[in-house]
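The values are calculated or read from the model by the stated rules, or taken from the named source; none is laboratory data. Computed from a predicted structure; not experimentally measured. Every residue, glycine among them, receives a Cβ derived from its backbone with ideal geometry; neighbour counts consider all protein chains shown.
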Amino acid sequence: MKEISVEQIAETVKKLCIEAACNLTEDVEQLLKKGLEKEESEFGRYVLEQILDNVKLSRQETTAMCQDTGLAVIFAEIGQDVHIVGGSFADALNEGVRRGYEEGFLRKSAVDDPLFIRKNTGDNTPAIIHTEIVPGDKLKIMVVPKGAGSENMGALKMLKPSDGVQGVKDFVLKTVTEAGGNPCPPIIVGVGIGGTMEKATILAKKALTRKAGEPHPDPHYRALEEELLEKINRSGIGPQGLGGRVTALAVHIEAYPTHIATLPVAVNLNCHAARHAEAIL
Amino acid sequence: MGQVKKITTPLTPEQVQDLKAGDRVTITGVIYTGRDAAHKNLVKTLQEGQPLPVELKDQIIYYVGPCPARPGQAIGSCGPTTSGRMDAYAPLLIEKGLKGMVGKGPRSPQVVEAMKKYGAVYFAAIGGAGATIARSVKKAEVVAYPELGPEAIYRLEVENFPCIVVIDAEGNDQYKIGVEAYRLAE
């Protein structure tokens, strides 16, 4: 049994919040550079150049690349041989978020009651926490800050099995096309297929944490990812919706077994500031 | 994408008419921030017949909720937020004399109608380029609704703040023009 203290967890989450907000990972930056090579539209090229400059500047200055530093979405994989000591795990994650958003000069964007009160909580808590118990004695924490511009453009549909592959394609394309310039393209498109309503949605979110542009291991899903990417980039939406060839940088699909009578599909869009940072304790 | 037009605030009706969809511009002068909660308050104040906490006639509102400033900086990261969420409130502010809005993403037909009727222009800044944009902000101070935190109204002094005219006072829309030009058949 390995012991991990809540203090160690809070400090790790703090660092990850700042790291994610200020330092875009190499994989996404590479796709942006490739996009610039491919882009034909003058506005599109201008936008991509500005985005790439912004990536460099935010990294140099440890400044948030985007002011919407999001809700702190946390995926935690907890080894079943880990014992968390000194307090509650959820409190430790929230304490890390509190410290990270304060010390990193990140925007506090969380409101308490979502409908009637909507008062800013002042410290960006609570985090959105997804936990999974896995074999082993390690704790993996991934912080995936998610802004509302792209989150608001996501959608879920409970398709019929007879809708099949075509139904999935139509729904993904409709969601991306209707979103237009709102989710800050070029976007990464996360698609969750199967499971139940909530499972499909979490899969779509989790798909966004995959190394950007890395294909699905299964050849059918890989081919579908490629086809959807090509179709999305024929839409003409382009960087920031100003028209162009590069609307999406990648499509990531995650699938899961489902019921004989259903075919859930969720689409979760990520802006070009596709941020994440992870650590293993 | 032609030459960059330099504009200063407050905007004159002539300046507004001179700006065309697809123009690249830089803004110098004072602009005001405002987003969801501030807009809700502003419109409520007008509907109750009360004076606004800031004079918006001939001014520009920037849809942004900035990050806190680091010591020595005027402001933190401050890129645009999605404008569509302000569509319910914008027509009344335009009727009261607001001349410009900076944000990102499309506007409703009601907003475009008000822009044509009263003479206003809509600019896009680059979403997600908040660190770069912050460099053009020289001074920032909260002038209304401090209790709203990042949603308070700030008075910003900007120098060569870069944006693109996306919808002009005739209703031409660069989003539609641009996407149409690059859309390919299925």
Residue among A:E40, A:E49 that alone is within 14 Å of another protein chain (Cβ to nearest Cβ), closer than 24 Å to A:L269 by Cβ and in contact with a Phe, Trp or Tyr (Cβ under 9 Å, 6 or more places away or on another chain): A:E40
Selected residue (criterion: farthest from the other protein chains (Cβ to nearest Cβ)) from residues of the range B:129-143 that are part of a helix (DSSP H, G or I) and among the small types (G, A, S): B:A134
Selection count where residues are assigned to a loop (DSSP other than H, G, I, E, B) and either over 14 Å from A:L139 (Cβ atoms) or modelled with pLDDT under 95 (or both), scope the range A:61-85: 9
Matching residues, the range A:58-83, being hydrophobic (A, V, I, L, M, F, W, C) and closer than 16 Å to A:G149 by Cβ: A:A64, A:M65, A:C66, A:L71, A:V73
Pick from the range B:74-90, criterion out of contact with any Pro (no Cβ under 6 Å at 6 or more places or on another chain) and facing another protein chain (nearest Cβ under 8 Å), ranking: farthest from B:P106 (Cα to Cα): B:S77
B:Y182 away from chain A (no Cβ under 14 Å) and of a type in the set (S, T, Y): no
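Within the range A:180-197, count every residue that is assigned to a loop (DSSP other than H, G, I, E, B) and within 14 Å of chain B (Cβ to nearest Cβ).
7
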Residue pairs meeting the criteria (Cβ under 9 Å; at least 6 apart or on separate chains; first without any contact (Cβ under 8 Å) to a residue 40 or more places away in the chain, in the range A:67-86; second of a type outside the set (A, V, I, L, M, F, W, C)): none
Residue list for the range A:21-33, restricted to those being part of a helix (DSSP H, G or I), more than 9 Å from chain B (Cβ to nearest Cβ) and in contact (Cβ under 8 Å) with a residue 40 or more places away in the chain: A:D27, A:V28, A:Q30, A:L31, A:L32
